[in-house]
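Encoded as structure tokens, the structure appears first; notes follow it.
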Amino acid sequence: MDQKEQTEHRDFLRAQQLLAAAQRLGYTFADLSLLDAALTHTSYVKGDGYAREHNERLEFLGDAVLELCVSEYIYRNYPKLNEGVMTRARAATVCESALYRAALDIRIGEGLRLSHGEEHSGGREKPSILADAVEAAIGAVFLDGGMEAARALVLRLTKEQIISAVSNVDAKDYKTMLQEYVQKRHKGNVSYELLDTKGPDHNKTFVLRAIVAGQPMGAGQGSSKQDAGQAAAKETLAMLGVPHGEETH
């Protein structure tokens with residue numbers, strides 16, 4: 001097989017690989033070179049590969065599209081959530097571990113091009129590389145098909161994770177609510193002091209007080225310092241006139 005035949009064979013195999021990856025994404029590309037770039041790791045271009053474009057720029061774009069689509073979905077579908085809860089739900093959805101799970105679901109690693117060194121070091125299974133590839137693929141779909149196509153892909157990949165995140169994010173995270181309230185009103189810092197520890201080692205009760213801008217505020221107790229701090233923050237929010245679970249801005 002001469003050089004031309006080798007190149008044609010290589011290009012044919014890559015095209016088949018990309019078509020399979022597009023099918024797993026559930027999207028048909030008009031410009032398959034966008035997906036090719038999205039599934040080309042920087043190590044391949046800088047190392048021994050023949051491609052000239054890697055996925056870092058598409059990853060940058062896809063990250064922004066991902067955050068916008070997830071934010072919009074949460075905003076439209078959970079009208080009673082306050083900003084703090086929405087932020088935490090989004091963070092749980094777009095974090096590396098969540099994107100890594102999505103990458104495994106669509107087997108995005110199968111289409112990745114890596115340098116020999118990255119391949120041999122297990123790069124095809126690295127969460128950071130796979131998560132970045134998912135973001136790059138979202139960016140590629142956005143450029144190829146626009147926001148509607150990108151939104152459809154994002155929701156296919158993340159909708160279940162969004163629902164789970166909203167269910168699991170503690171809307172009664174009083175310490176976070178208090179911190180957000182204080183920060184937005186420039187009231188200084190929030191800290192907690194241990195007032196008392198009661199009971200035997202196997203069944204202790206802790207008592208903490210919240211301190212806002214150096215001023216002692218509400219106190220609370222619990223079976224752990226974390227629980228006591230939550231109780232103290234809840235009492236402090238009540239003292240500040242912030243209804244529990246309501247927006248803190």
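The values are calculated or read from the model by the stated rules, or taken from the named source; none is laboratory data. Given the structure is predicted, the values throughout are model-derived calculations rather than measurements. Backbone-built Cβ (ideal geometry, glycine too); neighbour counts: all protein chains shown.
Yes or no: residue 128 modelled with pLDDT under 95, among the hydroxyl-bearing types (Ser, Thr, Tyr) and touching an Asp or Glu at 6+ places or on another chain (Cβ under 8 Å)?
yes
Are there any pairs with C-beta distances below 8 angstrom linking a residue in the stretch 209-222 that is under 11 Å from residue 191 (Cα atoms) to a residue that is among the hydroxyl-bearing types (Ser, Thr, Tyr), with the two at least 6 apart or on different chains, and if so which?
Pairs that qualify, where the first residue is under 11 Å from residue 191 (Cα atoms) and the partner is among the hydroxyl-bearing types (Ser, Thr, Tyr), are 209/192; 210/191; 210/192; 210/236; 211/191; 211/192; 212/236; 217/236.
Say whether the condition of being under 30 Å from residue 114 (Cα atoms), under 24 Å from the mean Cα position of the chain (by Cα) and among the charged types (D, E, K, R) is met by at least one residue in the stretch 129-141.
Yes; the residues of the stretch 129-141 include at least one that is under 30 Å from residue 114 (Cα atoms), under 24 Å from the mean Cα position of the chain (by Cα) and among the charged types (D, E, K, R).
From the list 21, 38, exactly one residue is surrounded by 21 or more Cβ atoms within 10 Å (Cβ to Cβ), under 18 Å from residue 151 (Cβ atoms), more than 18 Å from the chain's Cα centre (by Cα) and touching a residue at least 40 places away in the same chain (Cβ under 8 Å). Which is it?
38
Looking only at strands (runs of 3 or more DSSP E) that lie completely in the stretch 149-249, which have at least 1 residues being more than 25 Å from the chain's Cα centre (by Cα) and either closer than 22 Å to residue 75 by Cα or modelled with pLDDT under 85 (or both)?
So the answer is none; nothing clears 1.
Pick out, from the stretch 1-87, the helices (runs of 4 or more DSSP H) lying fully within it that include 3 or more residues that are in contact with a helix residue (DSSP H, G or I) (Cβ under 6 Å, 6 or more places away or on another chain).
3-25, 32-38, 56-77
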